[in-house]
Each structure stands twice: as C-alpha cells, then as structure tokens.
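Read the structure below first, then the notes.
The values are calculated or read from the model by the stated rules, or taken from the named source; none is laboratory data. Computed from a prediction, not measured in an experiment: that's the story for all the values here. FYI the Cβ positions are ideal-geometry reconstructions off the backbone, even for glycines, and counts take in every protein chain you see.
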Amino acid sequence: MSIGPDAQPVDELAVQCRLRVAEALAARDGYGAYVATKGWVTHGGVARVPAPWLVHAAGALLQRQLRTAVHALDLGLQHWVQAAPDRSILLWARGSVIMRYLADPKTALADFSAAGPDAPRWLLDHLDGDLTQCQAAALISRKRKPSVAPAPAWRPRDTAVANSPPHGHRPGQEPELWAAVEPLLIGPDRP
C-alpha cells in the first residue's frame, strides 16, 4: 500500500520512523523522539498501543517537561489505549513520573493502585516495588496539593478506530522500545 505515486509503502515508512525514534532516544534527544513518534503514529498506526505514549513521555522527561510527560500519558489513556493491560502499563508509567519526578507520592498512589488489577506479569515486579515505596513515601509526604489531576477515564475520539484491534498487538505485551524508555521513566538519573 502506497501513500502517493512516488511514495514508499506505509510499512516501510513506519519502520523508518520507529528507527528514528530509537535513534533519538539513544541520543537522548527528547524533541527528536517526539517528532519521530508523530511520524511513527501517522504511518505505523500505533496510537492504540502504549509504546508511542511512553516515548512521548520519555521525550518530555528528556526536555525536563515533567507535566508534559504526564499529559502525554493522559492522551493515550483518555483517547487511544483501551485494553486494560495496556492501560495498566500507562498508569504505572504515569505513577512513576509523578512519584519520581514530581515528588508527589500521594497522587502517584492512585495510579499505581489502578494499574494493579490488570497489570501484565512482566510489570508486576516494578509495580509491587513502586506501590510499596509509594505507600511509605505518601505517609510522610508534606505535599498537600496534587501536582496533576487524576488519570483521565477512557473516552475514545472515534469509536470505529478505537474498537479495531492493532495489527499484531497482544494487550499487555512489553511495549516496543521498552528498554529505551524504562530507564527514563524510573529515574533517578534525571535528564
């Protein structure tokens, strides 16, 4: 399938965009990761899986845009990612950013708790450790006002798109580029 008369096939463009995303993350280029991810979503149709939202968040963290990182995850949660195990991945990432970067364990606790019931097996070690750490930190936290609003509920923009399953994706599988985004999401070597 081609986009235009002289265009490359969509799958080839998606692969090239994904490679640019990986290169930008390896170079710790937050803006480059953001731009490449937009192309990956457009040409690869990956908006309904956690990977692009995790990359957007990681790119924002690289640029020290902490609330933008949370907002990127919120966009995925609110409009695109419907499968419960995939939403758990985004909720864990959201809680991690809020706890580690915004230093707000009370607010992060809600995300870690919401991620638990449907979390994929491979994420459980992270989630269990973070939930325990967050509960202890919340007890002694002096922060009174939440750093961000609660995670948004699912509201698809286009139900036809939202209900169609992503090609080759199993809900809860480890996201593409996980090895590149995980270290950014868990800190502490903040960019």
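A few comments on the model shown:
- Filter pass, L102 being part of a loop (DSSP other than H, G, I, E, B), in contact with a helix residue (DSSP H, G or I) (Cβ under 7 Å, 6 or more places away or on another chain), surrounded by fewer than 22 Cβ atoms within 10 Å (Cβ to Cβ) and not hydroxyl-bearing (S, T, Y): yes
- Filter result for A72 (out of contact with any Lys or Arg (no Cβ under 9 Å at 6 or more places or on another chain), closer than 24 Å to A24 by Cβ and part of a helix (DSSP H, G or I)): yes
- Across region 106-146, the number of residues qualifying as over 21 Å from R87 (Cβ atoms) and outside any helix (DSSP H, G or I) comes to 5.
- Residues that are part of a loop (DSSP other than H, G, I, E, B) and either in contact with a Cys (Cβ under 7 Å, 6 or more places away or on another chain) or buried (at least 17 other Cβ atoms within 10 Å of the Cβ) (or both), drawn from region 174-186: P175, E176, L177
- Looking only at region 43-60, residues that are in contact (Cβ under 8 Å) with a residue 24 or more places away in the chain and assigned to a helix (DSSP H, G or I) come to 11 in all.
- Apart from one condition, P165 fits all of (1) modelled with pLDDT of 95 or more; (2) assigned to a loop (DSSP other than H, G, I, E, B); the exception is (1).
- Within region 77-93, being hydrophobic (A, V, I, L, M, F, W, C) and either on the phi > 0 side of the Ramachandran plot or outside any helix (DSSP H, G or I) (or both) holds for V81, A83.
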